[in-house]
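The values are calculated or read from the model by the stated rules, or taken from the named source; none is laboratory data. This is a predicted model, so every value here is computed, not measured. Don't worry about glycine lacking a Cβ; one is built from the backbone with ideal geometry, like all the others, and counts go over all protein chains shown.
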Amino acid sequence: MLNNLKPQAPDKILALMEEYRADERDQKVDLGVGVYKDASGKTPIMSAIHKAEKQVWDQETTKSYAGLAGQPEFHAAMAEMVLGAGYPADRLACLSTVGGTGACRMGFELARMANPDTTIWVSDPTWPNHLSILNFMGQANKPYTYFDADTRAVNFDAMMSDLEAVKAGDIVLLHGCCHNPTGANLTIEQWGAVADLLERTGAVPMIDLAYQGFGDGLEEDAAGTRLIASRLPEVLIAASCSKNFGIYRERTGCLMVLGSEETKKTVQGNLAYLNRQTYSFPPYHGQALVTRVLTDPALRAEWEAELEEVRTGMLDLRKQLADELRKLSNSDRFDFVAEHRGMFSRLGASPEQVAKMKADAAIYMVGDSRINIAGLNANSVPLLAKALIDAGV
Ligand code: LMR
């Protein structure tokens, strides 16, 4: 039986992470996988998380099963963070998931159960794993134009023109903030125009919110999601706690589904059913940490301050890189780096140029020239800038 299996191509982002680890050159720069790193290259445990972890350790009395759909207090804290105080709890069903990826997968599954004919529209480009999961599921999907390779900004006219083809009951997958892989984001006016289109067509928005707090701020990064949630009758939101709480390996995410008061109970039942069929109970530990951090005022203030430091540190690096490139290229053609938001920017290098930077300068970025800004520090910014110019980007 096992001889029937075909080899699987490794995930490109994760394979790059392995390749970087195996590189023995002293001076190497990892701009690959989307994991935050401080100036010394470490991915620290946030101090608020550490404290919450101690509290959980002291107070937890059992390791028995917890909620199949997750913990209600985690759902409430996440809903408040994502949708704001006063979110419509009477219309909201929530599922704790295995990371943000799990939330995306369960959202796709729910959409398919609700409408087997649905097409899921994804931005071109999008996080490669969106496509990989959809194709693995055999789920119909279509791209919509998103990024203008020349300006490195959103090509909004083309996006809207492509989305004119959506049908009622299709899903339009949007990145809530900090678009992965491009770093180019919608303005609030553009979110409004997307909401108009969705209202008019009856397509259902699904928002992947994996980087709240990494772009313009915790509240600001939720603005598009909140606008959509305030306008549309049905909305799916896949939120990740991996990055903004720095708890990658705890696998903590939340799928939120806004419907009507009438559909809420059935949606909630379907969500729990999906967990049961897939892996039964979701991981508990990360939910407990996030709940504590979000609901304890002192821990929350500490976490918000740490998150803000992470965010502004990345903004500083963006500015440093844009300045350095302005100097070296004697032009403003890299200014977009300072305008992009979040962890990523797509630089516009060809696969050959990306390979050259890896070979010549030990600089690792994803093949589409996506860089993780947090992989840089004051020393590596000039190295990257020089490598880009040397490679002819
Ligand atoms: C990324 O895009 O690098 C991150 O979301 C990590 C991952 O799972 O790919």
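The table for this structure:
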| item | result |
| --- | --- |
| Tabulated pairs, the stretch 99-120, first assigned by TED's automatic domain parsing to the domain that holds Ala165, second of a type in the set (Val, Ile, Thr) and away from the ligand (no atom under 16 Å from the Cβ), C-beta under 7 angstrom, 6+ apart or interchain | Phe108/Ile120; Leu110/Val257; Ala111/Thr118; Ala111/Ile120; Ala111/Ile171; Arg112/Thr118; Thr118/Ile171; Ile120/Ile171 |
| Residue that is surrounded by the most Cβ atoms within 10 Å (Cβ to Cβ) [pool: residues in the stretch 130-149 that are without any contact (Cβ under 8 Å) to a residue 12 or more places away in the chain and hydrophobic (A, V, I, L, M, F, W, C)] | Leu131 |
| Selection within the stretch 56-65 - in contact with a helix residue (DSSP H, G or I) (Cβ under 8 Å, 6 or more places away or on another chain) and more than 13 Å from Val290 (Cβ to Cβ) | Glu60 |
| Candidate set from the stretch 226-246 (those that are under 15 Å from Gly102 (Cα atoms) and within 14 Å of the chain's Cα centre (by Cα)); member that is surrounded by the most Cβ atoms within 10 Å (Cβ to Cβ) | Cys241 |
| Filter pass, Thr266 being out of contact with any Leu (no Cβ under 8 Å at 6 or more places or on another chain), within 16 Å of His50 (Cα to Cα) and assigned by TED's automatic domain parsing to the domain that holds Ala89 | no |
| Answer from Asn244, Asn275 - the residue that is closer than 14 Å to Gln212 by Cα and not hydrophobic (A, V, I, L, M, F, W, C) | Asn244 |
| Selection count where residues are farther than 18 Å from Ser230 by Cβ, in contact (Cβ under 8 Å) with a residue 24 or more places away in the chain and not in a helix (DSSP H, G or I), scope the stretch 55-93 | 8 |
| Selected residue (only one of Ala223, Ala210, Ala193, Ala272 is out of contact with any Pro (no Cβ under 6 Å at 6 or more places or on another chain), buried (at least 24 other Cβ atoms within 10 Å of the Cβ), among the small types (Gly, Ala, Ser) and not assigned by TED's automatic domain parsing to the domain that holds Glu339) | Ala210 |
| Filter result for Ala52 (surrounded by 13 or more Cβ atoms within 10 Å (Cβ to Cβ), of a type in the set (A, V, I, L, M, F, W, C) and not in a loop (DSSP other than H, G, I, E, B)) | yes |
| Residues within the stretch 1-15 that are at pLDDT 95 or above and near the ligand (Cβ under 9 Å from one of its atoms), tallied | 0 |
| Top-ranked residue in the stretch 171-182 [being within 16 Å of the ligand (Cβ to nearest atom) and over 11 Å from the mean Cα position of the chain (by Cα); ranked as surrounded by the most Cβ atoms within 10 Å (Cβ to Cβ)] | Thr182 |
| Criterion (surrounded by fewer than 21 Cβ atoms within 10 Å (Cβ to Cβ) and within 15 Å of the ligand (Cβ to nearest atom)) met by exactly one of Asp368, Asp390 | Asp368 |
| Candidates Met159, Met81 - the one that is closer than 22 Å to Ala222 by Cβ, in contact with a Phe, Trp or Tyr (Cβ under 6 Å, 6 or more places away or on another chain) and either crowded, with 21+ Cβ neighbours inside 10 Å or modelled with pLDDT of 95 or more (or both) | Met159 |
| Leading residue by the ranking (farthest from the ligand (Cβ to nearest atom)) among those in the stretch 332-348 that are over 15 Å from Thr312 (Cβ atoms) and surrounded by fewer than 23 Cβ atoms within 10 Å (Cβ to Cβ) | Asp332 |
| Condition met for Asp332 (assigned to a loop (DSSP other than H, G, I, E, B) and among the charged types (D, E, K, R)) | yes |
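The rows are residues; the columns are (1) touching a helix residue (DSSP H, G or I) at 6+ places or on another chain (Cβ under 8 Å); (2) in contact (Cβ under 8 Å) with a residue 40 or more places away in the chain; (3) in a loop (DSSP other than H, G, I, E, B); (4) of a type in the set (A, V, I, L, M).
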| site | (1), (2), (3), (4) |
| --- | --- |
| Phe245 | yes, yes, yes, no |
| Leu255 | yes, yes, no, yes |
| Ser260 | yes, yes, yes, no |
| Thr266 | no, no, no, no |
| Pro282 | yes, yes, yes, no |
| Val290 | yes, yes, no, yes |
| Arg300 | yes, yes, no, no |
| Glu306 | yes, yes, no, no |
| Val310 | yes, yes, no, yes |
